[in-house]
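Scroll down for the structure; my scribbles are underneath it.
The values are calculated or read from the model by the stated rules, or taken from the named source; none is laboratory data. Just so it is clear, the structure is predicted and the values come from calculations on it, not from any experiment. Note that each Cβ is placed from the backbone with ideal geometry, even for glycine, and that neighbours are counted across all protein chains shown.
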Amino acid sequence: MSEVVKVERHDAIAIVTIDSPPVNALSAAVRKGIAEGVKSAQADDSVKAIVIACAGRTFVAGADITEFGKPPQSPSLHEVIEVIENSTKPVVAAIHGTALGGGLELALGCHYRVAVKDAKLGLPEVKLGLLPGGGGTQRLPRAVGPELAVKMIVGGDPISAQDALKNGLIEEIVDAPPAVGGESFARKIVAEKRPLRRLRDDDSKLAAAKADKSIFTNAAAAANKRSRGLEAPVTAAEAVSHSLDQPFDQALKTERELFLKLMNGDQSKAQRYAFFAERAAAKIDGVPDGTKGREVKQVAVIGAGTMGGGIAMSFANAGIPVTIIEMADEPLKRGLGIMQKNYEATAARGGIPADAPAKRMGLIKGAVGLENVKDADLIIEAVFETMDIKKDVFTKLDQFAKPGAVLASNTSYLDIDKIADVTKRPQDVLGMHFFSPANVMKLCEIVRGAKTAPDVLVTAVNIAKKIAKVPVVVGVCDGFVGNRMLAARSKQSEKFLFEGALPQQVDAVVTKFGMPMGPFAMGDLAGLDIGWRSRKDRGIKSEIADALCEAGRFGQKTGKGYYKYEQGSRSPLPDPEVEKLIDETLAKLGLKRREISDEEILERMMYPMINEGARILEEKIAARPSDIDVVWLYGYGWPIYRGGPMFYADQVGLKKIADRLSFYAKQTNDPSLEPAPLLKRLADEGKTFASLAKGA
Ligand code: T1G
């Protein structure tokens, strides 16, 4: 018996129960408890079979990630699995919730596995920049065949209990509670004197792929298609491939070597950081734990444009009924039509079940007139991005919305406090800033107004998680966190064209770094005319961008912008016309182009953003550096294997960044590049942004 593992005997069946909240992770204490529990049952002659089950909301959700990088403690997971696998009495894993990573590997070490009907089983280690390090790359292919195994291990997504049964990963789906289901299964196999099935000794499912290697190579290639820049998926496929060409123990050794290489690598450190950063972001500074959110059963979205439509789909995708409201029939019909087409296209690609479009559109009701918000618990406004229109909508919402309804604006820049103050209920107002396409992008910046009530913040965070978004609470300022930092980067990218670089050089540096797209290709995607019109409204100039627009080069929508695009293609092609136009503009301004290195471009793309991040922390617009990283990971495509701008800054070293910023401030005569006080202090003290979490 241990704190976290207890053993009970029900006649001839021993039940080893793991009870280590929140997710029964395989900490040293849990590993020790399991090994001792199984050994004690093994030594008890009256015991004929052993069941391993978990208390709480889930079966073991993996190794304890907080132990990584610390000195290993025995028994190791391998040693625990050996105790189980070498048991002469059948050991049954009884699974509920999620059997993930080391948790599934533990179950694969058992002779039999059963699961309740809504259980999920997977090896998601690649999502942490790792690979299964507890024998999963060898036992899973023997349980389900190498094709499905490489798909599960390289993709990292879990499968359902039904698919697990179909593919031989589990023997039976049992009724909950899992320990009871596991016990009755154990009694059955004892009664039927079923042989012990040790996966390590069963190569039957490998035979076909051993005969025809392409079965595996094709599956690996398909699985790796989406792992741009990531080391773990390719390495994981290699580890699984050795189930076909190395004896079990040798392949296990290879798995260990490859696992340790990844574990000690920079990419996994960044991805493990991102795992905990995402969870920390959901903790709202200054709001007491246990603060309850308001119930959200009905949602209303104002505006059926691109953002409104995507937001409404996110709620329908989560099974939450939503009313989408427009001011007239025509825009409403157009918006609903686009959502319908979107769903049908996704279903046609097999991204959602064939009956999902009808089901989800069935949850989206169209209506004309703001009075239709009257039953909604949450109202999200997604109308045109001007303050007057927003204030007008919120003034009216104040009249029609029921008491206690949460009023959210999807503004991406505007002052939430000014919007809230046109209502008599500013405590119920906040920002919920979604990212386009809103039904795909995971980030939701929750903008906390000066008067936003704590339970309103909790409501927004809870509902964002419910619709599979990653919420980050931010303060009110121009552009909040993401767009404010992006503006600092855009300023430099624009300056580069005046100094001598070309769009394709800058974009190549940024995409090589791992961003999905460079600033100029992004401009062409969004449309250059939007910025052009707003510059004209504000009476400011950007000579090169203005010249492009005057030449009708608005970007993808006109087939040319900073790049040219062939008919029907979205691939940006460098255009000599643009270089000519830049040269002519610089000549008019009396400016000379100079050679600019890729290193300077990278530093001036990343360091000003990091500097702005430091200012955002100083002003408490973000509660912690990791929140800023979560914004960039889930809203702007920052490569996960670099952890986020603030994590990256700590890897580069704050002293170097501060020095380079001072250098560029002088070189480009731009005082805004001078290091922010917080960055300067941490650099001078030899500290990191991460040290702020420890109160540095
Ligand atoms: N280790 C340590 N802490 C963990 C943890 C883990 N594996 N999983 C979750 N937590 C903490 C989490 O930080 C949070 O803490 C709380 O549990 C609830 O989590 C050898 C090497 C299981 C689907 O990758 O995917 O095994 O914030 O908020 O939304 O091959 O957690 O409350 O303080 O996410 O209900 C492989 C990781 C590990 C699964 C539940 N396993 N976990 O989701 O709750 S590597 C994983 C999850 C491995 C072996 C290898 C999810 C979940 P706090 P939560 P949730």
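Quick test of your reading of the structure: PRO22 fulfils all but one of (1) within 11 Å of the ligand (Cβ to nearest atom); (2) surrounded by 15 or more Cβ atoms within 10 Å (Cβ to Cβ). Name the failing condition by number.
It fails just one condition, (2).
Considering only region 60-67, I want to know if a residue exists there that is farther than 23 Å from ARG9 by Cβ, acidic (Asp, Glu) and surrounded by fewer than 24 Cβ atoms within 10 Å (Cβ to Cβ).
yes
Looking at (1) surrounded by 24 or more Cβ atoms within 10 Å (Cβ to Cβ); (2) not in a helix (DSSP H, G or I), which is the only condition GLY637 fails?
Going through (1) surrounded by 24 or more Cβ atoms within 10 Å (Cβ to Cβ); (2) not in a helix (DSSP H, G or I) one by one, GLY637 breaks only (1).
For LEU414, only one of the following conditions fails: (1) modelled with pLDDT under 95; (2) within 29 Å of TYR343 (Cβ to Cβ); (3) aliphatic (A, V, I, L, M). What is its number?
Against the list (1) modelled with pLDDT under 95; (2) within 29 Å of TYR343 (Cβ to Cβ); (3) aliphatic (A, V, I, L, M), LEU414 comes up short only on (2).
Kindly list the number of the only condition in (1) under 29 Å from the mean Cα position of the chain (by Cα); (2) surrounded by 14 or more Cβ atoms within 10 Å (Cβ to Cβ) that fails for SER569.
Failed condition: (2).
Condition check: in a helix (DSSP H, G or I) and within 13 Å of the ligand (Cβ to nearest atom). Does ALA316 satisfy that?
Taking the combined requirement at face value, the residue does not satisfy it.
Need pairs with beta-carbon distance below 6 Å; first residue closer than 18 Å to ARG279 by Cα and of a type in the set (Asp, Glu) and within region 51-73, second within 11 Å of the ligand (Cβ to nearest atom) and at pLDDT 95 or above; sequence gap 6+ or separate chains.
That search, which allows pairs on different chains as well, returns ASP64/ALA25; ASP64/LEU26; ASP64/SER27.
Looking at the structure I just gave you, is ILE170 over 17 Å from ILE15 (Cα atoms) and within 14 Å of the ligand (Cβ to nearest atom)?
no
Give me the pairs: first residue in region 208-227 and closer than 12 Å to PRO146 by Cβ, second residue part of a helix (DSSP H, G or I) and among the aromatic types (Phe, Trp, Tyr), beta-carbon distance under 8 Å, and six or more apart or on different chains, which are they?
ALA209/PHE216
I need a count of the residues in region 233-290 that are farther than 27 Å from GLY643 by Cα and among the small types (Gly, Ala, Ser).
Result for region 233-290: 4.
Go through region 25-67 and report how many residues are within 11 Å of the ligand (Cβ to nearest atom), in a loop (DSSP other than H, G, I, E, B) and aliphatic (A, V, I, L, M).
Counting residues in region 25-67 that are within 11 Å of the ligand (Cβ to nearest atom), in a loop (DSSP other than H, G, I, E, B) and aliphatic (A, V, I, L, M) gives 3.
Residues that are closer than 15 Å to GLN138 by Cβ: list the helices (runs of 4 or more DSSP H) wholly contained in region 165-243 that include at least 3 such residues.
232-241
Any idea which of ALA222, ALA211, ALA186, ALA191 is aliphatic (A, V, I, L, M), at negative phi and within 37 Å of the chain's Cα centre (by Cα)?
Residue meeting the stated conditions: ALA222.
Of the residues in region 494-509, how many are aliphatic (A, V, I, L, M) and in a helix (DSSP H, G or I)?
Count: 4.
Taking region 313-332 only, how many residues are under 13 Å from VAL383 (Cα atoms) and crowded, with 21+ Cβ neighbours inside 10 Å?
3
Restricted to region 676-695, and to residues that are more than 13 Å from GLU618 (Cα to Cα) and in a loop (DSSP other than H, G, I, E, B), which residue is modelled with the lowest pLDDT?
LYS694
Residue check: is GLY293 of a type outside the set (Asp, Glu), under 20 Å from LYS469 (Cα atoms) and part of a helix (DSSP H, G or I)?
So GLY293 fails the test.
Identify, from the list ARG615, ARG660, the residue that is free of Cβ contacts under 8 Å to residues at least 60 places away in the same chain, among the basic types (Lys, Arg) and assigned to a helix (DSSP H, G or I).
ARG660
Out of region 68-119, which residues are touching a Phe, Trp or Tyr at 6+ places or on another chain (Cβ under 8 Å), over 18 Å from ALA55 (Cβ atoms) and within 12 Å of the ligand (Cβ to nearest atom)?
none
Residues ASP524, ASP529: which one is without any contact (Cβ under 8 Å) to a residue 60 or more places away in the chain, on the phi < 0 side of the Ramachandran plot, part of a helix (DSSP H, G or I) and touching a strand residue (DSSP E or B) at 6+ places or on another chain (Cβ under 6 Å)?
ASP524
For region 248-267, enumerate the residues that are within 13 Å of the ligand (Cβ to nearest atom), surrounded by 17 or more Cβ atoms within 10 Å (Cβ to Cβ) and aliphatic (A, V, I, L, M).
Across region 248-267, the qualifying residues are LEU252, LEU258, LEU262, MET263.
Which residues, taken from region 445-471, are within 15 Å of the chain's Cα centre (by Cα), within 14 Å of ALA312 (Cα to Cα) and not basic (Lys, Arg)?
The answer is ALA464, ILE467, ALA468.
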